[in-house]
Amino acid sequence: MDKENMTREFGKVGVLYGGRSAEREVSLMSGAGVLQALQSKGVDAHGFDTGLRSLSELAAEKFDRVFIALHGRFGEDGSLQGALEQLGIPYTGSGVMASSIAMDKVMTKRIWLSHDLPTPRFAVFDALATPATQLHQTASELGMPLMLKAPHEGSTIGISKVSDAADLEAGFAHCAKYDEVVLAEEFITGRELTVPVLGKGRTARALPIVEIRAPQGNYDYQNKYFSDDTQYLCPAPLDAELTEKIQALALRAFNAVGCAGWGRVDFMLRATDNAPYLLELNSSPGMTGHSLVPMSAKAAGVSYEDLCVEILRSAALELKATQDWKPE
């Protein structure tokens, strides 16, 4: 499609990136990639760093729609989505409520459990007022190793894998720096998988599964975004029946939270019996050179540029004004 047709379809497009969260660095990389991709397809796209510019400036730009390439708080958690609803600017990804829920690992797990979806056992602690005795008691119930997580962070920020009870309090203190509560989660030994999802509701589709094999099983911030030592297998080497089962589970998990547009569902596949367990749902996944959604799309025959256009095409407003409302 040429530039004239792209402008006719999409109008003036803002790529929102950067932001103020702990994932700012990743978002800058995602936004740069998306911006270049859209411009290469003829879209009248412009970068907008929400960490440096205000909502009034966003309104003044008069974007016809925006591509959200933000990660973490103030961009992926429903707060920006609410502002865009007020401004009447269609945006990519999930709406206000689904974005807020998906950003909260605890609430996501509770919703999954209410839908009888498998997720590791867990407990939630006050980051400032949890006695060490309670922490150690929970660790003995959930078993070691134990995953400790800041529930409102992403990109492996605010996560500790604790293999020894002697390290439990230090791991807890690390996570408590990032959040008001700390999630303690049963560690599932096995293979790490992720499933990108495009679309909404009944029309949502799962892309090829990616298996992540990080050095020593440590898929941390460095190995996720900057290391070339992490191996990605896509499509993941799974038999057809298990692949179909996991993709179907990803769609159920995505729809249970009410997500839309696009997202990524993370799993652990238990080594003992190949049982899949849901870990978390990313409603605004990374779009960097190491990111998994573009990798999966490529395996399905969709280029990075075409993926960006497809996601942009799904931009929408969730809320509709009542038909009889008129400004005074």
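Data table
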item	result
Flag if G286 is among the small types (G, A, S), buried (at least 18 other Cβ atoms within 10 Å of the Cβ), in contact with a Phe, Trp or Tyr (Cβ under 8 Å, 6 or more places away or on another chain) and part of a strand (DSSP E or B)	no
Selected residue (only one of G93, G72 is modelled with pLDDT under 95, in a loop (DSSP other than H, G, I, E, B) and crowded, with 17+ Cβ neighbours inside 10 Å)	G72
Residues satisfying the stated conditions in the range 107-125, i.e. open to solvent by 80 Å² or more (accessible area, probe 1.4 Å) and either in contact with a Lys or Arg (Cβ under 9 Å, 6 or more places away or on another chain) or part of a loop (DSSP other than H, G, I, E, B) (or both)	H115, D116, R121
In the range 75-90, the residues that are over 25 Å from G158 (Cβ atoms), out of contact with any Leu (no Cβ under 6 Å at 6 or more places or on another chain) and either outside any loop (DSSP other than H, G, I, E, B) or polar (S, T, N, Q) (or both)	L84, Q86, L87
Filter result for the condition that a residue is modelled with pLDDT of 95 or more, within 18 Å of the chain's Cα centre (by Cα) and open to solvent by 20 Å² or more (accessible area, probe 1.4 Å), over K200, K245	K200
Filter result for the condition that a residue is out of contact with any Ser or Thr (no Cβ under 7 Å at 6 or more places or on another chain) and open to solvent by 50 Å² or more (accessible area, probe 1.4 Å), over A129, A176	A129
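Each row is one residue, and each column tells you yes or no for (1) open to solvent by less than 20 Å² (accessible area, probe 1.4 Å); (2) at pLDDT below 95.
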{"site": "G14", "(1), (2)": "yes, no"}
{"site": "G42", "(1), (2)": "yes, no"}
{"site": "D49", "(1), (2)": "yes, no"}
{"site": "S54", "(1), (2)": "no, no"}
{"site": "E76", "(1), (2)": "yes, yes"}
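The values are calculated or read from the model by the stated rules, or taken from the named source; none is laboratory data. Given the structure is predicted, the values throughout are model-derived calculations rather than measurements. All Cβ positions, glycine included, derive from the backbone under ideal geometry; neighbour counts span all protein chains shown. Note: accessible area is taken over every heavy atom of the protein model, side chains too, but ligands, DNA and RNA are not part of it. Shrake-Rupley method; radii C 1.70, N 1.55, O 1.52, S 1.80 Å.
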